[in-house]
Amino acid sequence: MNTADQALVKKMNKALILEQIIANAPISRAKLSEITGLNKSTVSSQVSSLLQKEMIFETGRGESSGGRRPVMLKFNRKAGYAVGVDIGTNYMIVVLTDLEGNIIEHDERDLDEEDIPATEQALIELVGLAIEKMPPSPYGLAGIGVCVPGLVDNAQQVVFTPNKPIHLIDLKNLLEEKFNVPIFIENEANAGALGEKEYGDASHLEHAVFVSINAGIGLGILMNGKLFRGVEGFSGEAGHMSIDFNGPACRCGNKGCWELYASEKAVFSSFLSNTEAPLHQIVKELADRDDPNMLKTFETFGFYIGVGLLNIIKTLNPGTIILRNTIVESYPMIVDSIKKTISSRSAKEALTDYQLKISSLGRIASSLGVSRIVIERFLEQFMNEMV
Ligand SMILES: [Zn+2]
């Protein structure tokens, strides 16, 4: 074997060992050797190198299988940190996580829909505040991930955000210049699907769709355990499938798009006409006193969601649908209305099995997902660079 090949083998062995420690910690050197098929001296020398790089640490002693009890190895989740940002139409959520996705800091702010300079300012400010809370660590900030409700291309440029002109902010360059770390931009529903895959309800699922309903509607599609992004990265724009071919014009160019009926904005806008109060507060106040108009609106919300979900069930046969919407999460009667709509519009024999789950991560699904992207890229980079 020439020197380059030897270096490559070493690198691959080390990556394999780190992966196994992350997946199976706490784990002994002997067990690592057994799982990876690498001999004990190879495991031992690679483990020393990972210890020296502070990516793993030794902890307590495990169960003995006869002789001395072995020292156990763990992944150093505090070796670095990641920031995840969810820029919504009228809100921003920022999380700071360690390398296992544990939340160290979590901040939210309401935003004016139209005010792009204020959004830009809030972004810099909230990310800066999150970074200030970061404990000292060997690798510091691994990067910043940002997700937006709209089209993000493979070059991580925001191409089109129908409900708020976020594309006017050059997110990647702005953040790179300001914070000097790797920046990753992703679609909000895709990020949410990744969050659920890593930390939530989709962790053991091969196929699932994550449906995010806010001002618009987005879909994150998990296929064979991986995110399906389409050729250009634009998959999952289900909010812009037409459910009424003669319906009102949409900003996307189509008519009668699903999100013109089933988004929060579409369903609840009449409650906002005479007040400055935030939507979720108004909904809660009226729902708490069983306001008949609000209860009827919940029913309608469920109906419109159900009409679109049935199209998705018919198209993808996803098995599990994870629904993310703050109002649905609070009022189970909307879920009943969704299910009733789906079953009433499909012949029994034609309806595939599906499970409708409410996102357990809730509002932070997408910010967590985008911080996960940062962590994965950091680990890939780490494994690529080490010899
Ligand atoms: Zn549309």
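When we screen GLY218, GLY192 for residues that are within 16 Å of the chain's Cα centre (by Cα), under 22 Å from GLY306 (Cβ atoms) and within 16 Å of the ligand (Cβ to nearest atom), the only hit is GLY218. Within region 317-326, one or more residues are open to solvent by 20 Å² or more (accessible area, probe 1.4 Å), under 22 Å from the mean Cα position of the chain (by Cα) and under 20 Å from ASN187 (Cα atoms). Among the conditions (1) in a loop (DSSP other than H, G, I, E, B); (2) buried (at least 20 other Cβ atoms within 10 Å of the Cβ), ASP244 misses just one, which is (2).
When ALA249 is tested against (1) open to solvent by 60 Å² or more (accessible area, probe 1.4 Å); (2) more than 12 Å from the ligand (Cβ to nearest atom); (3) hydrophobic (A, V, I, L, M, F, W, C), exactly one condition is not met: (2). Just need a number here: residues in region 149-163 that are surrounded by fewer than 20 Cβ atoms within 10 Å (Cβ to Cβ), within 14 Å of ARG229 (Cβ to Cβ) and away from the ligand (no atom under 16 Å from the Cβ). Within region 149-163, residues that are surrounded by fewer than 20 Cβ atoms within 10 Å (Cβ to Cβ), within 14 Å of ARG229 (Cβ to Cβ) and away from the ligand (no atom under 16 Å from the Cβ) number 4. When THR97, THR42, THR36, THR59 are checked against the criterion of being of a type in the set (Val, Ile, Thr) and out of contact with any helix residue (DSSP H, G or I) (no Cβ under 7 Å at 6 or more places or on another chain), THR59 stands alone in meeting it.
The set of residues from region 42-77 being of a type in the set (D, E, K, R) and open to solvent by 70 Å² or more (accessible area, probe 1.4 Å) comprises GLU54, GLU58, ARG61, GLU63, ARG68, ARG69, LYS74, ARG77. With respect to being assigned to a loop (DSSP other than H, G, I, E, B), out of contact with any helix residue (DSSP H, G or I) (no Cβ under 9 Å at 6 or more places or on another chain) and crowded, with 16+ Cβ neighbours inside 10 Å, SER235 falls outside the description.
Residue-by-condition table, conditions (1) under 28 Å from the mean Cα position of the chain (by Cα); (2) open to solvent by 60 Å² or more (accessible area, probe 1.4 Å); (3) away from the ligand (no atom under 16 Å from the Cβ):
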{"residue": "GLY253", "(1), (2), (3)": "yes, yes, no"}
{"residue": "VAL283", "(1), (2), (3)": "yes, no, yes"}
{"residue": "LEU295", "(1), (2), (3)": "no, no, yes"}
{"residue": "LEU356", "(1), (2), (3)": "yes, no, yes"}
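Among helices (runs of 4 or more DSSP H) entirely within region 272-381, having at least 2 residues that are among the acidic types (Asp, Glu) singles out 279-288. Condition (residue is open to solvent by less than 10 Å² (accessible area, probe 1.4 Å), under 30 Å from ALA249 (Cα atoms) and away from the ligand (no atom under 16 Å from the Cβ)) applied to region 99-116: is it met by at least one residue? No: zero hits.
The values are calculated or read from the model by the stated rules, or taken from the named source; none is laboratory data. This structure is a prediction, so every number in the text was calculated from the model and none was measured. Virtual Cβ from ideal backbone geometry, glycine too; neighbours counted across all protein chains shown. Keep in mind that these areas ignore ligands, DNA and RNA; they rest on the heavy atoms of the full protein, side chains included. Shrake-Rupley method; radii C 1.70, N 1.55, O 1.52, S 1.80 Å.
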